[in-house]
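Below is one structure; the comments refer to it alone.
The values are calculated or read from the model by the stated rules, or taken from the named source; none is laboratory data. What you see is a predicted model; the values in this text were computed from it and never measured. Positions of Cβ are generated from backbone atoms using ideal geometry, with glycine treated the same way; all protein chains shown enter the neighbour counts.
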Amino acid sequence: MIGEGSVGPEFSLLFTGFINNRLDKLITPKDILHDNESHVIGELRKAIGCGTNDYRADIASILTTRVINYGLHYAEENTIYQKTIDRIIKLATDPDTLTDDLKYILVKKFLNGNKQKFQKMMTNPDVVKMSMK
């Protein structure tokens, strides 16, 4: 009620939905690419609802897009180390986090965005197989 009076009912409804869906608690793309792998995979599974009937395709898609955008922006001015490549490979090959369509998009967007820095992903046979689908 207070929010509706100050910012309007549409914004209040969207903001309340954002908080109720715990979207403010999502792991950041920086953490996804640079934080401890077991922590990241656990946070992703918790946010997306992997392996349950509560799978949140919308959140999985949002996180995938955010990781791609952050990774490509980060690669413009920074060196991409093998640890980051390994994390992207893990995201693209882990059977319990992202769906195949999101994995495909993840690999393709990174390669199309900056092939020179991300081509090391193609040394993994599972990533090669995925990108040829």
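Test Met130 against the stated conditions and say whether it is in a helix (DSSP H, G or I), more than 13 Å from the chain's Cα centre (by Cα) and either polar (S, T, N, Q) or buried (at least 18 other Cβ atoms within 10 Å of the Cβ) (or both). So Met130 fits the description; yes. Please determine whether any residue of the range 49-67 is surrounded by 11 or more Cβ atoms within 10 Å (Cβ to Cβ), touching a helix residue (DSSP H, G or I) at 6+ places or on another chain (Cβ under 6 Å) and farther than 17 Å from Leu26 by Cβ. No, the range 49-67 contains no residue that is surrounded by 11 or more Cβ atoms within 10 Å (Cβ to Cβ), touching a helix residue (DSSP H, G or I) at 6+ places or on another chain (Cβ under 6 Å) and farther than 17 Å from Leu26 by Cβ.
Elements of the type helices (runs of 4 or more DSSP H) sitting completely within the range 1-58 and holding at least 1 residues that are modelled with pLDDT under 85: these cover 2-7, 9-20, 37-48. The residues of the range 68-99 that are farther than 14 Å from Glu37 by Cβ, of a type outside the set (Ser, Thr, Tyr) and assigned to a helix (DSSP H, G or I), listed by number, are Ile68, Asn69, Gly71, Leu72, His73, Ala75, Glu76, Glu77.
Please pick out the residue among Leu63, Leu44 that is closer than 16 Å to Phe110 by Cα, without any contact (Cβ under 8 Å) to a residue 60 or more places away in the chain and out of contact with any Cys (no Cβ under 7 Å at 6 or more places or on another chain). Residue meeting the stated conditions: Leu63.
Checking the range 78-96 against the condition returns a match, with at least one residue being more than 27 Å from Ala57 (Cβ to Cβ) and β-branched (Val, Ile, Thr). If you go through the range 81-97 and keep only what is touching a residue at least 40 places away in the same chain (Cβ under 8 Å), of a type outside the set (S, T, N, Q) and surrounded by 17 or more Cβ atoms within 10 Å (Cβ to Cβ), you end up with Arg87, Ile88, Leu91. Counting only residues that are in contact with a Lys or Arg (Cβ under 7 Å, 6 or more places away or on another chain) and more than 21 Å from Gln116 (Cα to Cα), the range 48-90 holds 2 of them.
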